[in-house]
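The values are calculated or read from the model by the stated rules, or taken from the named source; none is laboratory data. A quick note: this is a predicted structure, and the numbers were derived from the prediction, not measured. Heads up, the Cβs are rebuilt from the backbone with ideal geometry, glycines too, and the neighbour counts pull from every protein chain shown.
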Amino acid sequence: MDTESKITEEEIEKLYIKLKNDAESGGYHLNPDINFTKRLVRGLLINQKRYGYEACPCRLASGKKDKDLDIICPCDYRDPDLDEYGTCYCALYVIEEILEGKKKVRSIPERRYMEEKRDQKKEIKMSGDKVIDIKYPVWRCKVCGYLCAREKPPEVCPVCKAKRERFEIFIEK
């Protein structure tokens, strides 16, 4: 019996509900096409059983967790993809306009191997003589103080649910 046939509808539903609740509590949205989304959830479960971790079902995992940390769902590329394209690479996560039907899901390029962009850093001098390198600007929620390092602030603050426009640059790239 292969790994895929061992996945039950109950397992799919359980993980779907968990992902949906986690997404919504963090200010994210799952794709509103439930059949499509549940096929992705099945892929996550297959990868969980196959490799021991939920690698993105739309990417080729190596089977070595330390090499695949960037593609364990939610992957490192979800937020930049949502910011730029309105959906993550596999379209599991979408922005509110797609959820509401105002925009359509479209295919997007794979950004996993864009090493040169990911490795750009800026040195920041901290108090004393300590210097740190940063790859992304740091955004601060003006409502609750939540900090995140990414190209753009999140659509919704995962802590207080304030909208994107309530964020300010805390440390520039």
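Do any residues in the range 30-57 that are in the same structural domain as C90 (by TED's automatic domain parsing) and among the small types (G, A, S) have Cβ atoms under 6 Å from those of residues that are surrounded by fewer than 15 Cβ atoms within 10 Å (Cβ to Cβ) and at pLDDT 95 or above, where the two are at least six apart or on different chains, and which pairs are they?
none
When you go through (1) on the phi > 0 side of the Ramachandran plot; (2) part of a helix (DSSP H, G or I); (3) not polar (S, T, N, Q) one by one for I46, which number turns out not to apply?
The single condition I46 does not satisfy is (1).
Within the group K20, K67, which residue is assigned to a helix (DSSP H, G or I), over 19 Å from E110 (Cα atoms) and not assigned by TED's automatic domain parsing to the domain that holds Y136?
Of K20, K67, the one residue that is assigned to a helix (DSSP H, G or I), over 19 Å from E110 (Cα atoms) and not assigned by TED's automatic domain parsing to the domain that holds Y136 is K20.
Determine whether E110 is within 20 Å of D70 (Cα to Cα), of a type in the set (D, E) and either surrounded by 11 or more Cβ atoms within 10 Å (Cβ to Cβ) or modelled with pLDDT under 90 (or both).
It is true that E110 is within 20 Å of D70 (Cα to Cα), of a type in the set (D, E) and either surrounded by 11 or more Cβ atoms within 10 Å (Cβ to Cβ) or modelled with pLDDT under 90 (or both).
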